[in-house]
Amino acid sequence: MPRIRKTKNYDQFTMIDWNREITPSHVAKVMKSMHQIGNVTDLIPLIVWPKDKKYADGENPDGKYPIIDGQYRFVSLKLNSDWIYFVVDDEKRLAPEDVAHLQVSRNWAWDDYMNYYCRLGYKEYAVYAGFKKRSGWSHNCVILLLAGNTKGAMASFREGSLKITRSISEANDIIDKVNDFAQYFPYYRARSFVTAMLRIIERVPNYNHDRMMQKMDYLSERLVKCPDAKSYILLLEKLYNFKTTGNPVRFI
């Protein structure tokens, strides 16, 4: 069993660039918890890599202990000038991919996962981050766009195994079409609206986006917030076919 060590030499530890960014609000919560229950960090020591452990992108440049698990506890203890209890993973059993599964004191947000895997050099996540920034959409909507509407896609994103199944050109085209509604409809980024537009674009071969935008020029006030994607599809179908001669185009 690894030996638990004790020190107040805070300078011998270092954060890892690709780990989560420290948020002051959570540091405050950890400090408050320590004050309430007392310092029991000897029971939950930090986990660190050896000083000669290599980072994902090269050597450890500082010759210090990289903190794998417990960075919030470390910051809180340092601010209180308390003892640091830590265990060195001498056998190097923990890989960078394990960090997300270890750190459970604060639930990871979608941005945490995205930034974490980007820093580890995962190409799919770098591409994903580009689409996220360009679209301005929520993570749910971007995952829906790039990986499909499945529970497995969400789980894969958290686990570092995101697979982008849509081509870059097609994804960019869909983003442009959905974002064209920005000037007409404030809820154009809502998941239900994005889902509706994805279904229309993918499943209606006769859908003409220019025609839809022409209808928006004078019918946008009729595009109202709906409770679900199906309601949006029916409403958009009605607006698309407004005062159109010939057979109407069905969206469902």
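The values are calculated or read from the model by the stated rules, or taken from the named source; none is laboratory data. No experiment lies behind these values; they were computed from the predicted model shown. Here the Cβ is made from the backbone with ideal geometry for all residues, glycine too, and neighbour counts use every protein chain on show.
For this structure, a couple of remarks:
- Residue count, the stretch 64-80 (criterion: in contact with a strand residue (DSSP E or B) (Cβ under 7 Å, 6 or more places away or on another chain) and among the β-branched types (Val, Ile, Thr)): 2
For (1) outside any helix (DSSP H, G or I); (2) touching a residue at least 24 places away in the same chain (Cβ under 8 Å), each residue gets a yes or a no:
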position: Asn172; (1), (2): no, yes
position: Pro186; (1), (2): yes, no
position: Phe193; (1), (2): no, yes
position: Ile201; (1), (2): no, yes
position: Leu219; (1), (2): no, no
position: Asn247; (1), (2): yes, no
position: Arg250; (1), (2): yes, yes
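- Criterion (at pLDDT 65 or above and either surrounded by 14 or more Cβ atoms within 10 Å (Cβ to Cβ) or not assigned by TED's automatic domain parsing to the domain that holds Tyr125 (or both)) met by exactly one of Asp42, Asp17, Asp57: Asp42
- Leading residue by the ranking (nearest to Gln12 (Cα to Cα)) among those in the stretch 74-102 that are among the basic types (Lys, Arg) and modelled with pLDDT under 85: Lys92
- Verdict on Val178 being farther than 26 Å from Phe131 by Cα and modelled with pLDDT of 95 or more: no
- Out of Tyr232, Tyr207, sole residue that is in contact (Cβ under 8 Å) with a residue 40 or more places away in the chain, part of a helix (DSSP H, G or I), of a type in the set (Ser, Thr, Tyr) and at negative phi: Tyr232
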